[in-house]
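Everything below concerns the one structure shown next.
The values are calculated or read from the model by the stated rules, or taken from the named source; none is laboratory data. It should be emphasised that the depicted structure is a prediction, and the values quoted were computed from it without experimental measurement. Here the Cβ positions follow ideal geometry from the backbone for every residue, glycine too, while neighbour counts run over all protein chains shown.
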Amino acid sequence: MQQSDYHQTVMLNECITGLNIKNNGIYIDATLGRGGHTIGIINKLGEKGRVIAFDQDICAIEYAKKNLDDKRLQIIHSSFTNMKKIVLEQNLIKKIDGVLMDLGVSSPQLDNIERGFSFNKNGPLDMRMDQTKGITAMDWLDKANEKEIADIIYKFGEEKRSRAIAKAIKKYQINKKIETTMQLADIVSSVVKSYSKKHPATRTFQAIRIFINQELTKLSLTLEQIIDLIAPKGRLCITSFHSMEDRIVKQFIKKNSQAKRLPKRLPIIENNNEKILLKNLGRYFPSEEEVKNNKRARSAVLRVAEIC
Ligand SMILES: C[S@@+](CC[C@H](N)C(=O)[O-])C[C@H]1O[C@@H](n2cnc3c(N)ncnc32)[C@H](O)[C@@H]1O
């Protein structure tokens, strides 16, 4: 394996335990990446078990097709927002035994300069996870106005200096297009002091990446359909890497694992009793040992729930 293909899987054992894998179960890995979790699941399956794995990144798909040869594995190049459609097409509604989502970007995406995700390496400012569609970060920055840019950097980066950054971007663009990651990182660094040990452009890059890939919208859309796909007692394991993502997952589990409160004097009619759909099985963090060996694991939070 080339270094640029390496992704160190985060909380592998915790996810496998969380999925509570059945010998002949059917599992979905919504975020295939370099297949670390997928292989972990396959290793626990018997001959009739199956994994359906999604990734919207064509490099992840090509890598898996070349390297993960197993007849129990079906690889699908698609956003996980299409999960319900695919499950329906395969007549697998309520037959899925578990869904795993290991959100965010993979190391190969971050490390490959051509992808434009990293402020530490100079590459074209692309940032699309699915390189076959959508607008690049470069084109978006070119077209968007100062307010739009400031709003995105504030909303998805929680960056207090968003307005100053947007102003500096538009000022720079009077003379020159922003085409590379280093150009953007330098512009941000000119108006932002570094946060503790983090690079000053960390929040801006995170915000633009989340926006370009519509990460939070896609997560919410997928969660809305996911409970319908999974069999009773099936599991949902979701690992997030920043607080905005984790908040969506946390609220989704909370909302579906509690009975709706009714005003006290309302008569109890059957429809008033909203069903409890999920059992919250808790949240997990990587061990100190794992964080020591894999810096990218440090912000991970895994939430596990069971379908009722
Ligand atoms: C953290 S990596 C997964 C790593 C993988 N679990 C492993 O151990 O190798 C996240 C992956 O999810 C993919 N991804 C992110 N959002 C997606 C979406 N909406 N649909 C499909 N794949 C997505 C990314 O392209 C990336 O390859």
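Scan region 140-185 for residues that are within 12 Å of residue 208 (Cα to Cα) and surrounded by fewer than 18 Cβ atoms within 10 Å (Cβ to Cβ) and the total you get is 4.
Restrict the check to region 191-202 and report whether at least one residue is touching a residue at least 40 places away in the same chain (Cβ under 8 Å) and surrounded by 19 or more Cβ atoms within 10 Å (Cβ to Cβ). Yes. Within region 128-141, residues that are part of a helix (DSSP H, G or I) sit with their Cβ atoms under 6 Å from residues that are away from the ligand (no atom under 16 Å from the Cβ), at 6+ positions apart or across chains, in these pairs: 137/125; 138/125; 138/179; 141/178. Restricting 58, 93, 113 to those that are surrounded by fewer than 19 Cβ atoms within 10 Å (Cβ to Cβ), more than 14 Å from the ligand (Cβ to nearest atom) and farther than 24 Å from residue 235 by Cα reduces the list to 113.
Figure legend. Inter-residue proximity from region 246-271: first residues modelled with pLDDT under 95, second residues surrounded by 10 or more Cβ atoms within 10 Å (Cβ to Cβ), beta-carbon distance below 6 Å, spacing 6+ or different chains. Indicated pairs: 259/276; 260/274; 262/272.
Counting the residues of region 33-55 that are within 11 Å of the ligand (Cβ to nearest atom) and surrounded by 22 or more Cβ atoms within 10 Å (Cβ to Cβ) gives 9. Residues that are over 19 Å from the mean Cα position of the chain (by Cα) and of a type in the set (Gly, Ala, Ser): does region 3-20 have at least one? Within region 3-20, one or more residues are over 19 Å from the mean Cα position of the chain (by Cα) and of a type in the set (Gly, Ala, Ser).
Find the residue count for region 195-208, including only residues that are of a type outside the set (A, V, I, L, M) and within 18 Å of residue 247 (Cα to Cα). The total comes to 2. Contact map, region 204-222: residues that are within 11 Å of the ligand (Cβ to nearest atom) paired with residues that are basic (Lys, Arg), Cβ distance under 7 Å, separation 6+ or inter-chain. Pairs shown: 213/128.
Of the residues making up region 61-87, those that are in contact with a helix residue (DSSP H, G or I) (Cβ under 7 Å, 6 or more places away or on another chain) and away from the ligand (no atom under 14 Å from the Cβ) are 70, 72, 87.
When residue 4 is tested against (1) among the hydroxyl-bearing types (Ser, Thr, Tyr); (2) under 20 Å from residue 93 (Cα atoms); (3) surrounded by fewer than 20 Cβ atoms within 10 Å (Cβ to Cβ), only condition (2) is not met. Just one of (1) touching a residue at least 24 places away in the same chain (Cβ under 8 Å); (2) out of contact with any Ser or Thr (no Cβ under 6 Å at 6 or more places or on another chain) fails for residue 186. It is (1).
Scan region 232-257 for residues that are within 22 Å of residue 158 (Cβ to Cβ) and part of a strand (DSSP E or B) and the total you get is 3. For residue 99, are the conditions met, namely being within 13 Å of the ligand (Cβ to nearest atom) and either under 20 Å from the mean Cα position of the chain (by Cα) or surrounded by 17 or more Cβ atoms within 10 Å (Cβ to Cβ) (or both)? Yes, satisfied.
Looking at the structure I just gave you, is residue 137 in contact with a Leu (Cβ under 7 Å, 6 or more places away or on another chain) and either away from the ligand (no atom under 16 Å from the Cβ) or of a type in the set (A, V, I, L, M, F, W, C) (or both)?
yes
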